[in-house]
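The values are calculated or read from the model by the stated rules, or taken from the named source; none is laboratory data. Keep in mind it's a predicted model, so treat the numbers as computed, not measured. As a convention, Cβ positions derive from the backbone with ideal geometry for all residues, glycine included, and neighbour counts pool all protein chains shown.
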Amino acid sequence: MPREVRAVVFDLDDTLYPYRRFRLSGLAAVAAHLADRTGLSERLLFTTLAHASRGATAGGELQECLERHGLPSAWLPELIDHLRYHRPHLRLPRTTARVLRELRASGWRLGVLTNGPRTIQRAKVEALGLAPFVDVVGYASAIGTGRGKPDPDCFAWMARQLSVPAARTVVVGDSEVCDIEGARAAGMLPVRCRVWERHPGHTAARADLQRFSDLPALAAALVEEASKRHAA
């Protein structure tokens, strides 16, 4: 296997795009469904849901909306399904697309490794239009043991699919447990993504990424450093 090959493996949510956009897309789908069912204003319903998605009511948006508009709490499971399984309206951020193009033009092999139900994650990948930008998309729950990240087995699977040694593979993700610890256990080079969420505290990652545009230079430096360390 040529030493010059190198790869970047990305987490999906809150790494390649802000997860909140998926959440808002789901809330819009819920608002449209409720408007059809009740005759209430779709805009009013979405405003209620979006407002409830911030602050103390975050995570309880659906319950808050049902209660505020006097709707049956028994509708909650149905709304949860609409939220999870809607067809998302997402767009890959311009900087993300530019960086992915830059990496591929420089010879990097690129992959996405994501946790979560395959049906939901695949819908996000398709909505973001990621296929032309990456070589491999891995759904961790369907790889190897099926335990998903941080199981090193799914990271090893990505390295095999990309035909790049683990020691020359940079993993970019926002989760300290799933992405950073998983990548370290697999012998890869973890980078914590703080572009969309400012995760506080210590990280076991090799570096923090605060601007996506910094990634090409950062990834190149990490692989170069690792190559020198292994050669010493």
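If a residue has to be without any contact (Cβ under 8 Å) to a residue 12 or more places away in the chain and part of a loop (DSSP other than H, G, I, E, B) to count, how many in the stretch 120-141 make the cut?
Restricting attention to the stretch 120-141, the residues satisfying the condition of being without any contact (Cβ under 8 Å) to a residue 12 or more places away in the chain are 126, 131-132.
Within this subset, residues satisfying the condition of being part of a loop (DSSP other than H, G, I, E, B) are 131-132.
The number of residues fulfilling the criteria is 2.
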Considering residues of the stretch 167-176 that are in contact with a Lys or Arg (Cβ under 8 Å, 6 or more places away or on another chain) and part of a helix (DSSP H, G or I) only, the residue farthest from V8 (Cα to Cα): E176
Answer from R109, R68, R94, R104 - the residue that is among the basic types (K, R), more than 20 Å from P18 (Cα to Cα) and without any contact (Cβ under 8 Å) to a residue 24 or more places away in the chain: R68
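Which one is modelled with the lowest pLDDT among residues in the stretch 91-119 that are part of a loop (DSSP other than H, G, I, E, B) and buried (at least 19 other Cβ atoms within 10 Å of the Cβ)? Walk me through how you get there before you give the answer.
We begin by selecting, within the stretch 91-119, every residue part of a loop (DSSP other than H, G, I, E, B); these are 91-93, 106-108, 115-117.
Filter once more, keeping what is buried (at least 19 other Cβ atoms within 10 Å of the Cβ): 108, 115.
Values: W108: 98, N115: 95.
Selected residue: N115.
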Selection status of A50, surrounded by 15 or more Cβ atoms within 10 Å (Cβ to Cβ), in contact (Cβ under 8 Å) with a residue 60 or more places away in the chain and not hydroxyl-bearing (S, T, Y): no
V164 crowded, with 17+ Cβ neighbours inside 10 Å, at negative phi and outside any loop (DSSP other than H, G, I, E, B): no
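Residue-by-condition table, conditions (1) over 19 Å from A205 (Cβ atoms); (2) at pLDDT 95 or above; (3) in contact with a Leu (Cβ under 8 Å, 6 or more places away or on another chain); (4) of a type in the set (S, T, N, Q):
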residue	(1), (2), (3), (4)
R122	yes, yes, no, no
E126	yes, yes, no, no
V136	yes, yes, yes, no
T145	yes, no, no, yes
P152	no, no, no, no
Q161	yes, yes, no, yes
T169	no, yes, yes, yes
E61, sole failed condition from (1) of a type in the set (D, E); (2) on the phi < 0 side of the Ramachandran plot; (3) in contact with a strand residue (DSSP E or B) (Cβ under 8 Å, 6 or more places away or on another chain): (3)
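Name every residue in the stretch 192-212 that is surrounded by 11 or more Cβ atoms within 10 Å (Cβ to Cβ) and part of a loop (DSSP other than H, G, I, E, B), in order of residue number.
Listed by number, the residues that qualify are R194, V195, W196, E197, H199, T203, A204, A205, R206, Q210, R211.
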Condition broken by E225, with the remaining ones in (1) under 14 Å from R6 (Cβ atoms); (2) at pLDDT below 95; (3) not in a helix (DSSP H, G or I) satisfied: (3)
Residues within the stretch 65-107 that are under 21 Å from F212 (Cβ atoms) and basic (K, R), tallied: 5
Flag for G144 being assigned to a loop (DSSP other than H, G, I, E, B) and in contact with a Phe, Trp or Tyr (Cβ under 7 Å, 6 or more places away or on another chain): yes
